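Chemist: Please find one structure pasted underneath; my questions will follow.
The values are calculated or read from the model by the stated rules, or taken from the named source; none is laboratory data. Not measured: the values here are computed from a predicted model. Counting neighbours? That spans all protein chains shown, and the Cβs are built from the backbone with ideal geometry, glycine included.
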Amino acid sequence: MARIRRPIPGVDKSLLIKDAAKLLPDPARRAFLRGGAGLGALTFLTGCDIVDGVSAEKVLRKISHFNDGAQAWLFNPNKLAQTYPESAITRQFPFNAYYPESDAPEVDAATFQLEVGGLIGNKEPWTLERLYALPQETQVTKLICVEGWSAIGKWTGVRLSEFLRRLGADTTAKYVWFQCAEGYSVTIDMPTALHPQTQLSFKFGDEILPRKYGFPIKCRMPTKLGFKNPKYVIGMHVTNKDLGGYWEDQGYNWFSGL
Ligand SMILES: Nc1nc2c(c(=O)[nH]1)N[C@H]1C(S)=C(S)[C@@H](COP(=O)(O)O)O[C@H]1N2
Ligand SMILES: [Mo]
């Protein structure tokens, strides 16, 4: 996967650094975070005197890369993300994308079909009618965005693990890749795809998912940062190849677990 070496616009770098530091072995991690998780901490960690932003960026990417492996290995597939009472739901839940809300894609419900492919048994696409007939669950969980905000929302849909089962998916494959209507994409690891709280969401609150939150499908995974939760999902592939993603290709930590 190509990693482009340029600063990532709009990103709270200290959050990225903290995220990357999370699974460093103690006591390095504690010292790192106590150090303010900034340039000083990077110097401490690498033993190099990092004087300019470019080197800091490089080191950050290296830690981040190391972390993809370490986090995947340490990820406990059964550990649940925190859930909240409905009273904690954030009113005025934020919209976020790499473009303004007015540019959000408009998917036509009547003609929509979810394309499914890769290592699965049945490649027949899914209409909304068939998707809505699947068994559904509701979760009230927190979405955390790397840009420095978080919000609690309520989503309803089918467990991705249940959907994969119905597709006859090879769940020993490494990844699930999501394609979105406007060109966004995300690759997630199979343990996350099979996590009980990873959901193909059709509703936000008590309404059919509105356009701004990803109509017709958002893949909600509360164990991952916001950017790993694709909206406007139009395609899904089970694969052994890391197909990357919109932000991952620009250097975001691939695993981005919480
Ligand atoms: N298709 C698509 N999905 C996307 C994005 C996007 O730009 N396009 N942005 C991601 C980011 S960075 C975040 S934080 C969440 C925001 O979801 P929300 O608009 O429902 O709050 O969507 C994620 N999924
Ligand atoms: Mo985000």
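Chemist: Going by the conditions given, is residue 83 surrounded by fewer than 10 Cβ atoms within 10 Å (Cβ to Cβ) and away from ligand 1 (no atom under 13 Å from the Cβ)?
Modeler: no
Chemist: Moving on. Here are some residues: 179, 197. Which one is in a loop (DSSP other than H, G, I, E, B) and more than 8 Å from ligand 1 (Cβ to nearest atom)? Full working, then the answer.
Modeler: Numbers: 179 fails: in a loop (DSSP other than H, G, I, E, B).
The conditions single out 197.
Chemist: Let me ask you something else. Looking only at the range 188-201, decide whether some residue is within 16 Å of ligand 2 (Cβ to nearest atom), touching a helix residue (DSSP H, G or I) at 6+ places or on another chain (Cβ under 8 Å) and in the same structural domain as residue 103 (by TED's automatic domain parsing).
Modeler: yes
Chemist: Would you confirm whether any residue within the range 201-213 is of a type in the set (A, V, I, L, M), more than 10 Å from ligand 1 (Cβ to nearest atom), in contact with a strand residue (DSSP E or B) (Cβ under 9 Å, 6 or more places away or on another chain) and free of Cβ contacts under 8 Å to residues at least 40 places away in the same chain?
Modeler: Checked against the condition, which is being of a type in the set (A, V, I, L, M), more than 10 Å from ligand 1 (Cβ to nearest atom), in contact with a strand residue (DSSP E or B) (Cβ under 9 Å, 6 or more places away or on another chain) and free of Cβ contacts under 8 Å to residues at least 40 places away in the same chain, the range 201-213 yields at least one hit.
Chemist: Could you please give the count of residues in the range 229-258 that are within 13 Å of ligand 1 (Cβ to nearest atom), at pLDDT 95 or above and not in a strand (DSSP E or B)?
Modeler: Matching residues across the range 229-258 total 4.
Chemist: Another one. If I filter the range 153-171 for residues that are farther than 18 Å from residue 237 by Cβ and in a loop (DSSP other than H, G, I, E, B), do I get at least one hit?
Modeler: No, the range 153-171 contains no residue that is farther than 18 Å from residue 237 by Cβ and in a loop (DSSP other than H, G, I, E, B).
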